[in-house]
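The values are calculated or read from the model by the stated rules, or taken from the named source; none is laboratory data. Since this is a predicted model, take the numbers as computed values, not measurements. Quick reminder, even Gly has a Cβ in these numbers, built from the backbone with ideal geometry, and neighbours come from all protein chains shown.
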Amino acid sequence: MIPKGATICFVVGVIGAGIIGAFLFQISSQAPTLVYQSGPSLSVIPDKINYRLGEPVQIRIINSGTAPLTFSDSSFGLKIRGLDGTIIYLPISAQMVSTLNSHEEKMFVWNQTKTDGSKVIEGRYKIESNTSPDAGNVLKKSVTINIFQ
């Protein structure tokens, strides 16, 4: 026979873990929001955080500030890395200075392939963008996405 106190603790623990798990899942599934600021500001926003394997990832790189931003290439500094820091994908781009004016944005679509053409595996990936170091202060923003089976 199981003691009554142990049964109550077990039931409360299971219910509490389920509630906390649902809350944390809801928080982790929220896409970043866009907030405009005064001065230089860069935002990287995917259309969502969780993707199925092979599903296109839409990425918006946005000048969310009031000052123009300068990038060293036509892909606006876009890189996709594994969480270990390894670069997984670099879009093909011209090495020319590109500028995003205030509130301007560029859209990219990543088809979940690596730079060498092979498909990525499920896991977590970091999408990042950074401004040109020639412009003075380098702005660097990133967001992490999940890719599931």
Being outside the structural domain of L139 (by TED's automatic domain parsing), without any contact (Cβ under 8 Å) to a residue 24 or more places away in the chain, part of a loop (DSSP other than H, G, I, E, B) and not small (G, A, S): is that true of I92 here? no
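For every residue, the table says whether it meets (1) at pLDDT 85 or above; (2) of a type in the set (V, I, T); (3) more than 30 Å from N101 (Cβ to Cβ); (4) in contact with a Ser or Thr (Cβ under 6 Å, 6 or more places away or on another chain).
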residue: I2; (1), (2), (3), (4): no, yes, yes, no
residue: V14; (1), (2), (3), (4): yes, yes, yes, no
residue: I20; (1), (2), (3), (4): no, yes, yes, no
residue: P32; (1), (2), (3), (4): no, no, no, no
residue: V35; (1), (2), (3), (4): no, yes, no, no
Name every residue in the range 132-149 that is out of contact with any Gly (no Cβ under 8 Å at 6 or more places or on another chain), in a loop (DSSP other than H, G, I, E, B) and in contact (Cβ under 8 Å) with a residue 40 or more places away in the chain, in order of residue number. N137, L139, Q149
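Here are some residues: E105, E128. Which one is acidic (D, E) and either outside the structural domain of L139 (by TED's automatic domain parsing) or within 14 Å of the chain's Cα centre (by Cα) (or both)?
Only one candidate qualifies: E128.
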Could you figure out which of (1) small (G, A, S); (2) buried (at least 17 other Cβ atoms within 10 Å of the Cβ); (3) part of a loop (DSSP other than H, G, I, E, B) isn't true of S129? (3)
Quick check: is even one residue across the range 109-120 buried (at least 18 other Cβ atoms within 10 Å of the Cβ), assigned to a loop (DSSP other than H, G, I, E, B) and at negative phi? yes
Matching residues, the range 57-89, being over 15 Å from V143 (Cβ atoms), touching a residue at least 12 places away in the same chain (Cβ under 8 Å) and in a loop (DSSP other than H, G, I, E, B): G65, T66, A67, P68, S72, D73, S74, S75
